[in-house]
1. Residue pairs, Cβ under 6 Å, 6 or more apart or interchain, first in segment B:1-22 and facing chain A (nearest Cβ under 7 Å), second in a loop (DSSP other than H, G, I, E, B) and surrounded by 22 or more Cβ atoms within 10 Å (Cβ to Cβ). List them.
2. Do we find a residue being loosely packed, with under 12 Cβ neighbours inside 10 Å and either more than 8 Å from every other protein chain (Cβ to nearest Cβ) or not hydroxyl-bearing (Ser, Thr, Tyr) (or both) anywhere in segment B:110-123?
3. What tally of residues in segment B:13-24 results from selecting those that are out of contact with any helix residue (DSSP H, G or I) (no Cβ under 6 Å at 6 or more places or on another chain) and crowded, with 22+ Cβ neighbours inside 10 Å?
4. Which one of these is modelled with pLDDT under 85, assigned to a helix (DSSP H, G or I) and at the interface with chain B (Cβ under 8 Å from one of its Cβ atoms): A:Leu44, A:Leu21, A:Leu28?
5. Within segment B:139-152, does at least one residue satisfy the condition of being away from chain A (no Cβ under 12 Å), modelled with pLDDT of 85 or more and more than 25 Å from A:Val37 (Cα to Cα)?
6. What number of residues within segment B:55-96 are more than 12 Å from chain A (Cβ to nearest Cβ), acidic (Asp, Glu) and assigned to a helix (DSSP H, G or I)?
7. Can you go through B:Ala101, B:Ala67 and tell me which one is surrounded by 14 or more Cβ atoms within 10 Å (Cβ to Cβ) and farther than 17 Å from A:Tyr14 by Cβ?
8. Please count how many residues of segment A:1-18 are in a helix (DSSP H, G or I) and surrounded by fewer than 20 Cβ atoms within 10 Å (Cβ to Cβ).
Amino acid sequence: MIWAGVLVASVACYGLKLAGLSLPQSWLQDPRIQRTVPLIPVALLAALVAIQTFSTGQHLVLDVRAASLAVAIIAVVLRAPFLVVVIAGAATAALLRLL
Amino acid sequence: MFTGASQFALVGVVGAGGSVWTGAVAAVLLGSRNALYGLRLASLLNVAGVRRVAAAQFVIDETTAMAIAREDPDQSRFAFWATGATLFILWNLGTLTGALAAHAIPNPKVFGLDAAPPAAFLALLAPRLRAREPLAIAIAAAAAAIVLLPFVPAGVPLLLIALLVTLFGVMRRR
């Protein structure tokens, strides 16, 4: 069941890319589409950050991950590269759990 | 699935106990931007047939950024294929390593691995927040996610937020 979902999502993600390369340019040039589509990843990524920091399953939780997020925010404000941000976040949680 | 944010989102939803189909929809919504990248790249790459089928898989944030940053079309095409091939190989090797090594780590929390995904999402998000409007949308979406989370199954907040931001984008006048 999980693999069916993964497969369908993979095919659909590929289909979107191929459609972008193949569809007539005018189709996707509607200003509302041009404006709206870039907002979707912004909203979803922000929601994912919040959910994965402040919840376990369906429960809201405040734990060391909040401190990790604070450190990761500092890292992105300083324009740290992707891996540095991820490692800073993980290391913060690991260190705080050691204390 | 070669589009990182979608891959992470699907794993995140399933990991939180959500339905794989909810995760799949979230992944596809996150991948929608690649269609616009494809549109942007179509005239630049000028590919047809088998080459287009191969090029499509490489249409992601990084290859688009590398390709459109070049003035010369030949350099653009080279940047696209070189970035795409390199990332495709390394990314999938990374995924494979993760899949195999996961069993070797008894408690991922000890290494703070549960704090890594939010940091990764934040790092993917940050370059998109250079203007005021996306920043406001990001904050609103994060707040909405927290509010919705206890009341709906895992992953569903993502779908509701995608719906809300789409309505906002379409209805807004400017």
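The values are calculated or read from the model by the stated rules, or taken from the named source; none is laboratory data. Computed from a prediction, not measured in an experiment: that's the story for all the values here. We place every Cβ from the backbone using ideal geometry, glycine too, and count neighbours over all the protein chains shown.
1. B:Thr3/B:Ile60
2. Looking only at segment B:110-123, we keep the residues that are loosely packed, with under 12 Cβ neighbours inside 10 Å, and these are none.
Within segment B:110-123, none of the residues are loosely packed, with under 12 Cβ neighbours inside 10 Å and either more than 8 Å from every other protein chain (Cβ to nearest Cβ) or not hydroxyl-bearing (Ser, Thr, Tyr) (or both).
3. Residues of segment B:13-24 out of contact with any helix residue (DSSP H, G or I) (no Cβ under 6 Å at 6 or more places or on another chain): B:15-19.
Then drop every residue that is not crowded, with 22+ Cβ neighbours inside 10 Å, which leaves B:18.
Number of matching residues: 1.
4. Details: A:Leu44 fails: modelled with pLDDT under 85; A:Leu21 fails: modelled with pLDDT under 85.
Among A:Leu44, A:Leu21, A:Leu28, only A:Leu28 is modelled with pLDDT under 85, assigned to a helix (DSSP H, G or I) and at the interface with chain B (Cβ under 8 Å from one of its Cβ atoms).
5. No, every residue in segment B:139-152 fails to be away from chain A (no Cβ under 12 Å), modelled with pLDDT of 85 or more and more than 25 Å from A:Val37 (Cα to Cα).
6. 1
7. Values: B:Ala101 fails: surrounded by 14 or more Cβ atoms within 10 Å (Cβ to Cβ).
The match here is B:Ala67.
8. Of segment A:1-18, the ones in a helix (DSSP H, G or I) are A:2-18.
Subsequent filtering for residues that are surrounded by fewer than 20 Cβ atoms within 10 Å (Cβ to Cβ) retains A:2-4, A:6-8, A:11-12, A:14-15, A:18.
Total meeting the criteria: 11.
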